[in-house]
Structures are given as structure tokens and as C-alpha cells.
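The values are calculated or read from the model by the stated rules, or taken from the named source; none is laboratory data. Since we're looking at a predicted model, the values are computed, not measured. Neighbour counts run over all protein chains shown; Cβ positions are idealised from the backbone, glycine included. Only protein heavy atoms, including side chains, enter the accessible area calculation; ligands, DNA and RNA are left aside. Shrake-Rupley method; radii C 1.70, N 1.55, O 1.52, S 1.80 Å.
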Amino acid sequence: MTTAAHPAFDTDTLRRGIEADTSAGLASLYADDAELRIVDRNTQPSHPKVLRGKDEITAALDDVYSRDMTHKLEQCVVQGDRAAYSESCVYPDGVRVLSESMISLRDGRITEQTMIQAWDE
């Protein structure tokens, strides 16, 4: 009996996706039916921004990665089919963004993510 190997999801995989120059690597980590909920000062907990499906998430990531900024994975913990991570971003003018995410995984892909983000004003 042969079993198919599932893609691995680990800190290095996530780091490569986040710290790349394009969104392609990070977008590839999402399942086709993934859902991303974003909470920040504009989309508060009672009305988060919700992106449904890999296409909507990829479009949002394409927008973020088209901006002149750097992305860094600060911390990540993976345990079974769950992970949590901190990401920091910096624009050339020094404005900083910090996000914290909790994710659910299936077969090495992100199926659900809740992201809370804050930025310098």
C-alpha cells in the first residue's frame, strides 16, 4: 500500500513565503477553500474583513506585495494542524506594521486564518 506524502508546513516554509519579494510563495500555502479574517482599526472584531477562497486571498496578497516594504517572520509556533505567528513589515519611510495570526491547517495548507494587525500612524 502506497500513501501520498502531504506537503509539510513548518516555520521555514512560512518564512520563505512571508519574506519573499512576491506573494506567490505565501499564496501557495493557502487551500483553495481558505478563509482569511482580518481585524484592524478599519475592520474591527464585530465586522472583520473576510476573504473567501484562494483567489480573493491571492489578490489581497498581490496588493500588499506590490508595495515597497519588507516583510519578516518574527515568531512561529506549529503544533499539529494549528499554527500561530508574528510578522513585522517596514515601509521605506520607517512606518511599521505588526500582525499576529492564528491559522488552521489541512494537508499542509492554510484553511482558516485570523489576522490582527496594527500599524504606525
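Restricting to Cα pairs below 8 Å that are 6+ residues apart, what does the relative contact order work out to for the chain? Please round to a whole percent. Before the final figure, lay out each step's value.
Values: 227 pairs, mean separation 32.5, N = 121.
Result for the chain is 27 percent.
Straightening the chain between R96 and D63 buys 10.2 nm, computed as 0.36 nm per residue apart minus the Cα-Cα spacing. Summarising the amide proton neighbourhood of E112: residues at separation of 5 or more, or on other chains, whose placed amide H is nearer than 5 Å comprise E35, S104. Where in the stretch 56-75 is the amide nitrogen less than 17 Å from a point lying 7 Å along the Cα-to-Cβ axis of D10? Counting backbone N atoms under 17 Å from the label point, the list is 75.
Specify the angular offset, from 0 to 90 degrees and rounded to the nearest 10, of the alpha carbon long axis of helix 53-65 from the longest principal axis of the alpha carbons in the chain. Orientation of helix 53-65: about 40 degrees from the principal axis. Annotation for the stretch 66-111: trypsin sites (Lys or Arg not before Pro) lying in DSSP loop with at most 12 further Cβ atoms inside 10 Å of their Cβ are R67. Take the solvent-accessible surface of the protein heavy atoms, probe 1.4 Å, and return the percent of it on the chain that carbon and sulfur atoms account for. Summing carbon and sulfur atoms, their accessible area is 49 percent of the total for the chain. Calculated accessible area for the chain comes out at 61 Å² per residue, all protein chains present (probe 1.4 Å; ligands, DNA, RNA ignored). Evaluated at q = 0.20, 0.22 Å⁻¹, a Debye calculation over the C-alpha positions of the stretch 1-100 (equal weights, vacuum) places log10 I(q)/I(0) at -1.23, -1.45.
Model label points for Q75 and W119, set 7 angstrom from Cα along the Cα-to-Cβ axis, are 2.4 nm apart.
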